[in-house]
1. So, in the range 168-187, exactly how many residues are surrounded by fewer than 21 Cβ atoms within 10 Å (Cβ to Cβ), more than 10 Å from the ligand (Cβ to nearest atom) and charged (D, E, K, R)?
2. Would you check if there is a residue in the range 158-166 being in a loop (DSSP other than H, G, I, E, B) and either near the ligand (Cβ under 10 Å from one of its atoms) or not aromatic (F, W, Y) (or both)?
3. Look through T261, T281 and report the one residue that is crowded, with 19+ Cβ neighbours inside 10 Å, under 25 Å from Q47 (Cβ atoms) and within 16 Å of the ligand (Cβ to nearest atom).
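What follows draws every value from the coordinates through simple rules; no lab data is involved. Just so it is clear, the model here is predicted, and its values are computed rather than measured. Please note: Cβ atoms are built from the backbone with ideal geometry, for glycine as well, and neighbour counts cover all protein chains shown.
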Amino acid sequence: MHRTRTRFAARVNRFATGLERRGVVATYEFHDRLLANRQSRRRFSHQPPALDEVQQGVLERLRSEGYASLPFSELVADREVWRELEADAAEFVGATEAGLANEREGGESQLRRRAGKEFVVRKYSWGIPLALDDPWLRLGINARLLDLANAYLEMWAKLEYVDLWYTPPAGADERRSSQRWHRDFNDRHLLKAFIYLVDVDAETGPFEYVPRSAPGGELDALWPWRPLGENYPPEDEFADRTDGRSVTFTAPKGTIIFCNTSGFHRGGFATRKPRALATLTWDSPASLKALSERNYVYTPNGSTLSEAQRYALA
Ligand SMILES: O=C(O)CCC(=O)C(=O)O
């Protein structure tokens, strides 16, 4: 039932009637103000995480600018975590490049892509069963990241999305969908992490962000975030009104960028070099009730988890 409703929500931006939209918006606002998020805020305030200096620094930058980036190794000191992620990423990149070569030779595609954003090859895409033997799912509930997400959202977050993306160079193509400036419509309480799995320069499709454009920021009135709002502004007008304020994340492999993507962002316009990254999204329970759908199905395998970790996956 929940899946049916959220699948509907994912499509609603394009197809819904006014009445349907009003229903989704009302459900979201109700859960944000009164029900699901209120309970989640209470849980957080009863057991607030203790952040160390590195996490505290990230949190402060997120609160003031809407983004923060740092080397992954500064946040997660355990080298074994990165070693395992890197090995898994290398496998994904190798399989993707072999799959793309096969497509070029006219073979049947084995690669996962999503309609509307075909320029990205995904490791998981939608509906994938994931257990905690998956290093990326484990990363999404790793206390170094989850405590930060919960502290930023000031509630216990839900881990909504886990995936690896490979973007082949587009050559002379135009920017499309998320390569253009937009706000994510998923939630106003939103945190994403992008982990670069290759060095990213101007030709690799860097992530870009307009600081202070998330709800509560100085630029939040610029085509403001609304549940199911108009999230892609006209490009020319956008450039005039933001006037060079965006930040471009050209950065080495192993950089992690945290960002509230209900603020304006774009990326993945790889012109000459392929980009590979991992991405995680944490959002609020209200979002899952009305606006978002998880891309994975969690299959518990008996691991011992904290309450906040169980909540993130439930
Ligand atoms: O691929 C990127 O750099 C941007 C992705 C994006 O727009 C999103 O995840 O909402």
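1. So the count comes out to 4.
2. no
3. T281
For (1) within 15 Å of the ligand (Cβ to nearest atom); (2) without any contact (Cβ under 8 Å) to a residue 12 or more places away in the chain; (3) among the aromatic types (F, W, Y), each residue gets a yes or a no:
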| position | (1), (2), (3) |
| --- | --- |
| Y196 | yes, no, yes |
| S213 | yes, no, no |
| P227 | no, no, no |
| P234 | no, yes, no |
| E237 | no, yes, no |
| D243 | no, yes, no |
| R266 | yes, no, no |
